[in-house]
Ligand SMILES: Nc1ncnc2c1ncn2[C@@H]1O[C@H](COP(=O)(O)OP(=O)(O)OP(=O)(O)O)[C@@H](O)[C@H]1O
Ligand SMILES: [Mg+2]
């Protein structure tokens, strides 16, 4: 793991009842295609990814929990359909299994890609992946730390 990831240039406190504002703010401030969401079980990775998808204009499909490794959502921007990939790698054994499942095709597709449990495929992630670290700070509150190289100023 690159030492850079020990330094953060943006922190965002996300309250559950303001998660949609937080998602919009995140998208305004942070530039990237592949987003690695780190955090323990229940840290709020899926919940925040769903809010990001809503903020991007995905109209259906993110609310209902699915248990597949790769989920694809679609949003329309300026009349054009775009895919978003949501990878939940919790159940994969190793990188070979992820490659067989087509994870690299998503990561290098040019589409936005949100990754839960990115530690499982750390050597497959693109260099410019935005690393986001979630920690539980209260029943309804989470702290998001976003790694340095990702923040737009
Ligand atoms: N500020 C918050 N942001 C996100 N989730 C929150 C927040 N406050 C409370 N929660 C709750 O915490 C839980 C987070 O669950 P979620 O499935 O998003 O976690 P996860 O990190 O994806 O876990 P897993 O590793 O099991 O996939 C949800 O029940 C959600 O409602
Ligand atoms: Mg999850």
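Just so you know, all these numbers are worked out from the coordinates, no wet-lab data involved. If you're wondering where the values come from, they're calculated on a predicted model, not measured in any experiment. Note that we place each Cβ from the backbone using ideal geometry, even for glycine, and neighbour counts take in every protein chain shown.
Odds and ends about this structure:
- Burial ordering of 131, 38, fewest other beta-carbon atoms within 10 Å first: 38, 131
- Estimated distance in nm for a label pair at residue 60 and residue 24, the labels positioned 7 Å out from Cα along Cα-to-Cβ: 2.5 nm
- Separation in nanometres of the label points that stand 7 Å from Cα toward Cβ, at residue 111 and residue 128: 1.9 nm
- Length gained when the stretch residue 77-residue 11 is fully extended (0.36 nm per residue, less Cα-Cα span): 21.0 nm
- Segment residue 94..residue 141, full-extension length gain: 13.7 nm, with 0.36 nm per residue of separation and the alpha-carbon distance subtracted.
- Sequence of 136, 130, 115 once ranked by neighbouring C-beta atoms within 10 Å, starting from the fewest: 136, 130, 115
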